[in-house]
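Since the structure comes first, as structure tokens, the remarks are kept for the end.
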Amino acid sequence: MTSSGTNRGGPPQPAPPGPTPWSAAWELLLPAATAPPRARGRTLQAALREAVRSGRLAPGTRLPSSRELAGDLGVSRGLVTEAYEQLTAEGYLRSDRGAGTWVGGAVRAVGPRARDRAPRPAGVRADFVAGTPDLSLFPRAAWAAAHRGVLAELPHQALGYPDPRGLPRLRTALAELLVRRRGVVADPERVIVVSGVAQAMTLLGFVLHARGVSGVGVENPGSPEHGSLFASAGIGTVPLPLDGEGLALAPLQASGVRAVVTTPAHQFPTGIAYSARRRTELLGWARSVDGLVIEDDYDGDFRYDRAPVGALQGLDPEHVAYTGSVSKSLAPGLRLGWLLVPASHVEEVVERKRTMDLGNPVLDQALLARFVERGDYDRQLRRCQRAYRERRDVLVTALEEHFPGAEVSGIAAGLHVVAVLPERYGPQDRFLARATAAGVVVRLSAHYGETDTDGVRLVLGYAHLPPARIRDGVQLMADAVRSEGSEGSEGRDDRFWAP
């Protein structure tokens, strides 16, 4: 490619595109010619890098000489020479003495856009997956006001690396909140700000592994995430069965584990609350083996038939590690939570937190502290409580209307229910297939470890769905099941029509 001359009195006039691959990337370099004088070198280098990364300049492409390119762009030859030398040093280009400058082979072209891999089901008409709050309830106005207040009052030095435990202001606010709402014993020096319950579990896993623990007990059925979280810390999990009162004590004692994860306020997914007797027995086991109970209080604030039962940690803070987050009350995308640990674990957990991420973002912590201190968090909890209680009632009523004989088990709490449909609506796999074909996303209890096959056992999340969508979704499921019984007289199954 050669220059067609330069017009130094106006915009540069590029040479007509030639047949070489170089012409395909020509327009990427034009901004360098019109950039401010001091920025032309950086702009040219950036444009050349992008042309190589994107594949517009393929490996093996020969570039114009520095004299030719400078003439075409209307810039100094020294600027082009410097750009070639810099990119050759970085590996984007290669230069052979007497043979010109070429695009190197070290760079592989990458796609120009990042993809969103967040778990969002697409193309569904109703999504009953459990565990998701209604993100439209996020208090944007109050959060924005708190953000402005924090930016105005936060001292400059607070923007440095934070205490890995969390800002003292937030730890104090959380301690007061949790004492008042959940009945925990919360010394702010034992409160650690984390990026949600997942990080809390991982931190505890690393500490337990360092202490020689090889296995942690988990509820079965229970959260499917616990296994992978502890595995990332080098610890295996031991599934332990439940009974009507909570974690069954005899299998726990026989397992040999000295740490166990529990959800005593509202067990996931069965929906039961641990009985007072089982809570006492569980703490007795922990004391007898000098063990640790990890209490996941993932939705303990949401109880609809009475005041929430206080946290297990309040009965024995030296044998219970307590964790929760704002994922159900505000939004999971905030990635903010808390972990209260026994005194014997504090220093090890804090050191692991420090090496993991040097602490959570300061602005986010200060914002949440202000939000809690001013009563905005309590108002948000009351707002969610009213909305979620109404939606649970709507779901139960819709199930009774469209699936006569359906039973909802567990306490009136949280963000999901377990619904048991009569056997005539089964088998479970066929029910799931029909619901999926109708555009309804549901989960079977069997997905969480339950093997009871009497009827159809569903785990249904409702908090994120408006009441009208809940009613429509249940009707869609019912219509899908009934349609299977009416696809011609030969294949008709009257079980789907019988009340």
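The values are calculated or read from the model by the stated rules, or taken from the named source; none is laboratory data. Quick caveat: nothing in here was measured; it's all calculated off a predicted structure. So basically every Cβ, Gly included, is an ideal-geometry build from the backbone, and we count neighbours across all protein chains shown. Only protein heavy atoms, including side chains, enter the accessible area calculation; ligands, DNA and RNA are left aside. Shrake-Rupley method; radii C 1.70, N 1.55, O 1.52, S 1.80 Å.
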Every listed condition ((1) free of Cβ contacts under 8 Å to residues at least 40 places away in the same chain; (2) over 22 Å from the mean Cα position of the chain (by Cα)) holds for P342 save (1)
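Considering only residues that are among the aliphatic types (A, V, I, L, M), open to solvent by 30 Å² or more (accessible area, probe 1.4 Å) and in a helix (DSSP H, G or I), which ones fall in segment 397-435? Walk me through how you get there before you give the answer.
Here is the first cut: in segment 397-435, the residues among the aliphatic types (A, V, I, L, M) are 398-399, 406, 408, 411-413, 415, 417-421, 432-433, 435.
With the extra rule that they be open to solvent by 30 Å² or more (accessible area, probe 1.4 Å), the set shrinks to 408, 411, 420, 432-433.
Those that are among the aliphatic types (A, V, I, L, M), open to solvent by 30 Å² or more (accessible area, probe 1.4 Å) and in a helix (DSSP H, G or I): L432, A433.
Being touching a Gly at 6+ places or on another chain (Cβ under 8 Å), modelled with pLDDT of 95 or more and small (G, A, S) narrows it down to one of G337, G284, so name that one.
Numbers: G284 fails: touching a Gly at 6+ places or on another chain (Cβ under 8 Å).
One residue alone meets the criteria, G337.
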Go through segment 429-457 and give me each residue that's modelled with pLDDT of 90 or more and of a type in the set (S, T, N, Q).
-> T436
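Scan V349, V362 and give me the residue that is at pLDDT 95 or above, crowded, with 20+ Cβ neighbours inside 10 Å, in contact with a helix residue (DSSP H, G or I) (Cβ under 8 Å, 6 or more places away or on another chain) and within 30 Å of G205 (Cβ to Cβ). Write out each step before concluding.
Values: V362 fails: crowded, with 20+ Cβ neighbours inside 10 Å.
Unique residue meeting the criteria: V349.
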When restricted to A32, A46, the only residue at pLDDT 85 or above and either surrounded by 17 or more Cβ atoms within 10 Å (Cβ to Cβ) or of a type outside the set (S, T, Y) (or both) is A46
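Is it the case that segment 355-367 has a residue that's part of a helix (DSSP H, G or I) and closer than 22 Å to D297 by Cα?
Yes, that holds for at least one residue.
Anything in segment 266-288 that is among the basic types (K, R) and either under 30 Å from T132 (Cα atoms) or not in a helix (DSSP H, G or I) (or both)? List them, or say none. Talk me through it step by step, then tell me what you get.
Restricting attention to segment 266-288, the residues satisfying the condition of being among the basic types (K, R) are 277-279, 287.
Hits for segment 266-288 are R278, R279.
This table checks each residue for (1) open to solvent by 40 Å² or more (accessible area, probe 1.4 Å); (2) modelled with pLDDT of 95 or more.
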{"residue": "G100", "(1), (2)": "no, no"}
{"residue": "G111", "(1), (2)": "yes, no"}
{"residue": "V124", "(1), (2)": "yes, no"}
{"residue": "R140", "(1), (2)": "yes, yes"}
Output the residues belonging to segment 205-246 that are farther than 30 Å from S409 by Cβ, of a type in the set (A, V, I, L, M) and either open to solvent by less than 20 Å² (accessible area, probe 1.4 Å) or at pLDDT below 95 (or both).
-> V207, L208, A233, I235
Identify the residue in segment 63-78 that is open to solvent by 20 Å² or more (accessible area, probe 1.4 Å) and in contact (Cβ under 8 Å) with a residue 60 or more places away in the chain and, among all such residues, is farthest from the chain's Cα centre (by Cα).
-> E68
Just a yes or no: is a residue in segment 43-51 in contact (Cβ under 8 Å) with a residue 60 or more places away in the chain, in a helix (DSSP H, G or I), closer than 17 Å to V103 by Cβ and among the charged types (D, E, K, R)?
-> no
Within segment 65-166, which helices (runs of 4 or more DSSP H) (wholly inside it) include 3 or more residues that are closer than 30 Å to A366 by Cα?
-> 140-153
